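Visitor: Sharing a structure, written as structure tokens. Questions coming.
Computed from the coordinates by the stated procedures, all read-outs in this text should not be read as laboratory data. All of these numbers come straight from a predicted model, not from anything done at the bench. We place every Cβ from the backbone using ideal geometry, glycine too, and count neighbours over all the protein chains shown.
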Amino acid sequence: MPTELNNPVADIFKVPELKRRILFTLGIIGAYRVGATIPVPGVNADALRGFFAAQQNTLLGFLNIFSGGAMGRLAIFAMGVGPYINASIIISLLQGAHVIPYLDRLAKEGEQGRKRMNQITRYLTLALGGLQSFGLTLTISKMTAPGGVPIVIDPSAGWIALTVLTLTTGSVFIMWLGEQITERGIGNGVSLIIFAGIVDRLPGAIADLIRLVRVEEFTLFKALLLVALVVVVTGLVVWVETAQRKIPVQYAKRVVGRRMYGGASTYLPLKVDQSGVIAVIFAVSLLAVPMTVAAFFPHSPMASKVAQLEQRGSWEYELFYAGLIVFFCYFYNSVQFNPVDLADNLRKWGGFIPGIRPGEATAHYIQTILEKITLGGALFVAAIAVLPDYLRKMMNAPFFFGGTALLIVVGVALDTIGQIQSHLIMRHYDGFFKGGGGFKGRWFNVGS
């Protein structure tokens, strides 16, 4: 009898391995959200809440969204995955620039090299976590709420040391949680942790919008217009994230023994947005670096200049932010996608692109197409990321669920759904081979 895949949602709980992975992932995310609500001792919670309410349209408020509100509580997980992402950026840049021969050797050593690279990234995460925790602790210890109430009750050296140690440990623990999800759960661990933090704030954002409409601080027409805009932008994001440029590939016929192989036509799919949400996450994390450095020199002209430049809505900030997104889109492609290797593999297996000579010409052709579609995808992602800031200025829109958050939520959701579908497909493949027959499924139609 053929195996049918009628209801993928119900089938999730029929696959023991997939069910275990999903429950494990949900458990890890639950543990992360608990840690995001436990505040560091010695902090005036009301004053801290008032301070971050005033910082809503600044970079500090932006980073609070990415921490799932943990930074606004100065919770033990307030640093989020920022140090780990920054460490990954540094290692990737050094590896891509080929300035350290040791990293180049590790990249060629396969699985062992990858494990060693991950270990180096962990050590760097610890160092950056300590540095960024110290900067954040100094910043909070010197700040006051809008009414002049100090946020930290007793900013002594002991409190600073304890807070830095707590925040650094929390950052390293989050890194470990993310790795556990990637290895033993479903989806990308770091992305899912950011996803969970953003989604956790969505019900509160919707409630705040309804409250503003009720007290007539925001008109019903504007609210409906914003909801419609979010729906349209979500659709556009899904469309771009799933869009592909399909390059036709033809395989030459070849005889092996008494059988003839090849002769098939297929295509090489190139995603318009190869980097997905990685470029956006990298850009947001890198924006926090100048603020961390300025925290060590709070009274210097540099600190005031950084505070001025990193005001959301200013053209300097938006231009820099959009430029970072475009840069990381291209950088991710250069690290993860090698047209030369792809062209060599095609030639080795007898494949070629019609009208293009195999080898170097094929690599150049793929590289040219990749650069063109990456530019379009990167500009779209950058536009969606900065759009809410301009809407906030022009319409006084309370964009609690902005473009950057939307990009991350949609991208992570699509990636996770794709992995779940892959597990379901593999399960049905197993049933097909074990049963010795064919099956008809939602994604396949194979006769027995």
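Visitor: With only alpha-carbon pairs counted, each pair once and no self-pairs, how large is the Kirkwood hydrodynamic radius of the range 172-236 in angstroms? Don't skip to the answer; put the middle values down first.
Guide: Values: mean 1/r = 0.0700 Å⁻¹.
Hydrodynamic radius (Kirkwood, Cα pairs) of the range 172-236 is 14.3 Å.
Visitor: Then there's this: Compute the helix-to-body angle for 16-35: its Cα long axis versus the longest principal axis of the chain, expressed 0 to 90° and rounded to tens.
Guide: Computed tilt is about 20 degrees.
Visitor: What Rg and what Dmax come out for the range 321-427 when only alpha-carbon atoms are used, in angstroms?
Guide: Using the Cα atoms of the range 321-427, the pair Rg, Dmax is 19.0, 59 Å.
Visitor: Next question, about the same structure. So, by mean Cβ neighbours within 10 angstrom, what's the order for 77-83, 316-322 with the highest one leading?
Guide: Working: 77-83: 27.9, 316-322: 16.9.
The peptides rank, most packed first, as 77-83, 316-322.
Visitor: Mind putting together the pair-distance distribution for the range 124-241? All Cα pairs, 5 Å bins, whole percent per bin, short to long.
Guide: Whole-percent P(r) values from 0 Å outward: 2, 9, 10, 11, 13, 14, 13, 14, 10, 4, 0.
Visitor: Same structure, new question: Can you give the FRET efficiency for Arg214 and Ile417, using 1/(1 + (r/R0)^6), R0 = 35 Å, r = Cβ-Cβ distance, to the nearest 0.05? Write out the running numbers ahead of the final one.
Guide: Numbers: r = 35 Å, r/R0 = 1.01.
The formula returns an efficiency of 0.50 here.
Visitor: Measure nothing but the geometry: give the 0 to 90° angle between the long axis through the Cα atoms of 403-435 and the longest principal axis through the Cα atoms of the chain, rounded to 10°.
Guide: 40 degrees
Visitor: Using the Cα centre as the reference, give the magnitude of the dipole from point charges on the C-beta atoms of the range 71-126 (Lys, Arg: +1; Asp, Glu: -1; all else neutral), rounded to the nearest 20 debye.
Guide: Details: 7 positive and 3 negative charges, 25 e Å.
Here the range 71-126 has a charge dipole of around 120 debye.
Visitor: Could I have the simple spin-label model distance between Lys222 and Ser265, label points 7 Å from Cα toward Cβ, reported in nm to one decimal?
Guide: 5.6 nm
Visitor: Something else about it: Testing the spin-label approximation: label points 7 Å from Cα along Cα→Cβ at Ala97 and Asn338. State their distance in nm.
Guide: Simple spin-label model gives 2.1 nm for this pair.
Visitor: If I stretch the segment between Phe297 and Lys348 completely, what's the gain in nm (0.36 nm per residue apart, minus their alpha carbon distance), one decimal? Intermediate values should be presented prior to the final figure.
Guide: Values: separation 51, 0.36 × 51 = 18.36 nm, distance 5.76 nm.
Taking Phe297 through Lys348 to full extension adds about 12.6 nm, to one decimal.
Visitor: Given q = 0.22, 0.32 Å⁻¹, what are the Debye log10 I(q)/I(0) values for the range 312-357, with equal point scatterers placed on the Cα positions and solvent ignored?
Guide: For the requested q values the scattering log ratios are -0.79, -1.02.
Visitor: Anyone know which of Asp208, Asp415, Asp200 comes out most mobile in the 10 Å Cα GNM of the chain?
Guide: Asp208
Visitor: Then there's this: Over the alpha carbons of the chain, what is the largest minus smallest coordinate on each principal axis, giving the biggest first in Å?
Guide: Largest first, the chain extends 86, 54, 42 Å along its Cα principal axes.
Visitor: For the chain, modelled as a GNM with alpha-carbon contacts under 10 angstrom, which of Ala53, Ala378, Ala279 fluctuates the most?
Guide: In this elastic network of the chain, the residue with the biggest mean-square fluctuation among Ala53, Ala378, Ala279 is Ala53.
Visitor: In what sequence, highest mean first, do 173-181, 150-158 appear when ranked by Cβ atoms within 10 angstrom? Let's see the in-between values first.
Guide: On the way: 173-181: 20.1, 150-158: 14.2.
Top to bottom by mean Cβ count within 10 Å: 173-181, 150-158.
Visitor: Cα axis of helix 339-348 to longest principal axis of the chain: angle in degrees, 0 to 90, nearest 10?
Guide: 20 degrees
Visitor: OK, next. Percentage of Cα-Cα pair distances in the range 41-159 greater than 25 Å, rounded to whole percent?
Guide: On the way: 2709 of 7021 pairs.
That tail contains 39 percent of the Cα-Cα pairs.
Visitor: Cut-off 10 angstrom, C-alpha nodes, Gaussian network model of the chain. Which of Ser265, Ser88, Ser334 fluctuates the most?
Guide: Of Ser265, Ser88, Ser334, the Gaussian network model singles out Ser265 as fluctuating most.
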